[in-house]
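Worksheet: one structure, shown below.
Any read-out appearing in this document is the output of simple, stated calculations on the displayed coordinates, not a laboratory observation. Remember, predicted model here, so these are calculated numbers, not experimental data. Note that we place each Cβ from the backbone using ideal geometry, even for glycine, and neighbour counts take in every protein chain shown.
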Amino acid sequence: MKESGPLNGAIQISGAKNTCLKLMGAALLTDEPLTLTNVPRLSDIRTLSVLLESLGVEVARLQEGRVMVLSGRHITSRRAEYEIVRKLRASFNVLGPLLAREGEAIVSLPGGCAIGARKVDLHLMALEKLGATITLEEGYVHASAPGGLRGAVIEFPFVSVGATENALTAATLAKGTTVIKNAAQEPDTVDLALCLTQMGARISGAGTSEITVEGVDRLHGATHEVIPDRIELGTFMIAPAICGGDVELIGGRRDLLQAFCEKLEATGIEITETPSSLKVRRPNGRVKAVDVTTAPFPGFPTDLQAQFMALMCTAEGTSVLEETIFENRFMHAPELIRMGADIDVHGGTAKVTGTKQLAGAQVMATDLRASVSLILAGLAAKGDTVVNRVYHLDRGYERIEEKLSAVGANIQRVSGHE
Ligand code: EPZ
């Protein structure tokens, strides 16, 4: 990609990857079909489809992949293999629903990943509280509850999105009442609770730190629309902030990203909400430096820290970015430095001093959000920027080069089509 002038036009925001992955897992809870609409077309979604199919779920994609019908009438396997789980950590979230429906689940441990150790101890603690017996055998978690799960009080020591969602799905079919304390409040978790409720689950408190679930005997099918992807939204909000211009994000909602919007506004960006979109405009020249600390929802999302850092590399002044969720989530910093950025990383803190002009370079994508931060920086950099390993991008951004070039960005895919 090359330096791009002001961006103008509209971008359609796709359905949320991280929400959709958890909704798909919910299909394991019922023998009736679950229909999801506004499904994003991403490689992570395809990977989870393959896993669900290996468990016996029939997956049909309609309307060019936008609609997915998942039918878990016959579960044919209770074992999620390492070969698939290692590719996608969210696969671990089949554990709760599979165990709740079948009384047994054997799921590979996902292993480490670039952004941190990403343990699963909280997932296992929650399922044990619900009465499961858990053993670890040859890299697999073996969970069993032959007599069914029992409602319990689960108190997490800190917020985990995945563990909250595993506990929530499992508790829907447990006998009695489950109370999840210090629960994740992410929009993804709220949307999952909404879908489960449409399937007949009895859930209250989703979106607060305490979720209560009254177990039911069985769930039924439902049709549910996936919420817009707030991380894709935030990423594309930074594009006009970094290049200048005026871009409308169709499907964008401020309530999905309140803390992020406030920080972006503090840099000097104007954000206007319409009934169906968010409009983002950079009124003047460079943005101002603003400090950010990542936190669970409703705080500033860790999944937008790398993109915000790219913006801060071009800001006037020095900002301090603190990452509190993952221990190793600054891998984009050395790549941004190769593009002329001034960044000093100490542990979980990065000091970023803005420069007037970044310079294009060959850079390496290390994970999904790191790769997109390099794209954003490349749009602001003089000369050519070549991002290698773009398969990371295809995990979570649908047709990113088409969406960005439609608003005037100078970007093209050279190779690495999915
Ligand atoms: C979800 O991951 C998202 N993934 C991540 O998005 C996101 O960064 C993260 O939540 C935080 O918002 C999906 O939803 C598929 P956590 P998750 O459990 O659920 C530690 C992206 O780029 N922890 O909330 O795995 C963990 O190591 C991805 O789209 C334990 O110690 O995140 C981390 O430090 C990346 N033990 C912290 O908690 C556990 O049992 C929060 O992780 C579980 C988590």
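Before moving on, here are some points about what is shown:
- From helices alone, the chain scores -9000 deg cm²/dmol at 222 nm; the rule is -39500 (n - 2.57) for each run of n ≥ 4 DSSP H residues, then divide by the residue total.
- Neighbour cut-off at most 16 other Cβ (10 Å), DSSP loop, GluC sites (Glu not before Pro), the stretch 120-216: Glu138
- Proximal lysines to Lys175, defined as alpha-carbon separation beneath 18 angstrom and excluding residues fewer than eight positions away on the same chain: Lys129
- Percent breakdown of C-alpha pair distances by 20 Å bin, ordered from the shortest bin, for the chain: 28, 55, 17, 0
- Low-density loop cleavage sites - trypsin sites (Lys or Arg not before Pro) in the stretch 204-283, where at most 16 other Cβ are within 10 Å (DSSP): Arg218
- Rounded to 5, the percent of DSSP beta bridges in the chain classed as antiparallel: 65 percent
- Rounded to the nearest 20, the Cβ-based charge dipole of the chain about its Cα centre (Lys and Arg +1, Asp and Glu -1) stands at 340 debye.
- Over 29 Å [Cα-Cα, the stretch 17-217], rounded percent: 14 percent
- Annotation note: trypsin sites (Lys or Arg not before Pro) in the stretch 1-84 located in DSSP loop regions with a Cβ neighbour count of at most 14 within 10 Å are Arg73.
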